[in-house]
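The values are calculated or read from the model by the stated rules, or taken from the named source; none is laboratory data. Here the structure is a predicted model, which is why all the values come from computation and not from measurement. Cβ coordinates were reconstructed from backbone atoms using ideal geometry, including for glycine residues, and neighbour counts include every protein chain displayed. Side chains included, ligands, DNA and RNA excluded: accessible areas come from the protein's heavy atoms. Shrake-Rupley method; radii C 1.70, N 1.55, O 1.52, S 1.80 Å.
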Amino acid sequence: YRSLMKKPEDNLQSYWETLHHDGIAANDPLAPVCTPDESDRINRLYNFGHRLGMRDVFKRVGDLKGKKVLDVGCGRGRWSKEFAGRGAEVLGVDWSREAVYRNRQEITECTFTCMSVKELHNFKPGSFDIVNSVTVIQHVPREFHQKIFEDVHTLLVKGGRFCMLESVYNSFSPHKANHKDGSHTFYWTKDAWIGIAEKNGFKLRSLKGCLYFPLLRIYNKLAAVKKQDISTQWQNNLFILKELVTIFSFPIEVLSHVTPCRFATHGVFIFEKPE
């Protein structure tokens, strides 16, 4: 993974193909869409946080029966299944051929096709009522972000919704919202995401914070200090401590959802294409 992550953007497809191939081989659908280098418990925590955030989407989009939904970067189809289970007609698209193949076998209530998020312009304008994207655009180099929003706006019907869960990572201080991109992650702040959407004709209808993880963020800061020159015993102790922190993070994450969005690491945006 790490060698692929250091290569140019052209190799991002190989990176995601590798993640999904290994995830399928290990019967682990969460690692490719959460944190591939972390434990199963951490991935379940991230998935739990995503689902808490997406509750707001399903509450606000109303009756989905008969609605045409495009699930962009669908991965192993966890959100495709959720939309389809509420009566929507779902098309899931993803870069990984192997993930798409497996989805076609296992999630027969949805349609899946292999496609990059940079190819959305191939759809007929006004084809969808809802476009859904969960931690997808943040993994596309930022020079493509404007075009993605433009394409999504074009393929939505008037009054259609763009539901987007992406990183707005910030430190504990609300005045330090910027941070460096990763090798395969390209972030914006909350206001910057909104700015891109509005520039391309969208109106923000709702914004909800998710993935607060206060204990895990404290642990990561402490572990970074201890990372160098520590014994094997200390490494084992840190692993045990992280597992305990993760366990206690589940109920704390539920409580965190009443705190202001500015303290969250991710935001759940619902944008609307005006009538």
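So here's what we get for this one:
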| read-out | value |
| --- | --- |
| Shape call, the stretch 11-149: gyration tensor on alpha carbons, a/c limit 1.5 | rounded |
| Antiparallel %, DSSP beta bridges [both residues in the chain], to 5 | 40 percent |
| Surface accessible to a 1.4 Å probe, per residue, for the residues of the chain, Å² | 50 Å² |
| For the stretch 28-168: relative contact order, % (alpha-carbon pairs under 8 angstrom, 6 or more apart) | 21 percent |
| Karplus 3J(HN,Hα) series, Hz, for the stretch 162-169 with 6.51 cos²θ - 1.76 cosθ + 1.60 (x for Gly, Pro) | 10, 9, 9, 10, 9, 5, 10, 3 |
| P(r) tail fraction, the stretch 80-119 - alpha-carbon pairs more than 17 Å apart, % | 26 percent |
| Largest to smallest accessible area among Met164, Met115 [probe 1.4 Å] | Met115, Met164 |
| For q = 0.13, 0.15 Å⁻¹, Debye-computed log10 I/I(0) when each Cα of the stretch 69-166 counts as one equal scatterer | -0.39, -0.53 |
| Set Lys67/Lys124; Lys68/Lys158; Lys65/Lys203; Lys59/Lys118; Lys67/Lys158 screened for pairs whose C-alpha atoms are more than 22 Å apart | Lys65/Lys203; Lys59/Lys118 |
| Among Leu52, Ser133, Ser96 the positive-end extreme of the charge dipole of the stretch 1-141 (Cβ point charges) | Leu52 |
| Cα-centre dipole for the chain with unit charges at Cβ (Lys and Arg positive, Asp and Glu negative), debye to 20 | 660 debye |
| Cα pair distances exceeding 25 angstrom across the chain, given as percent | 47 percent |
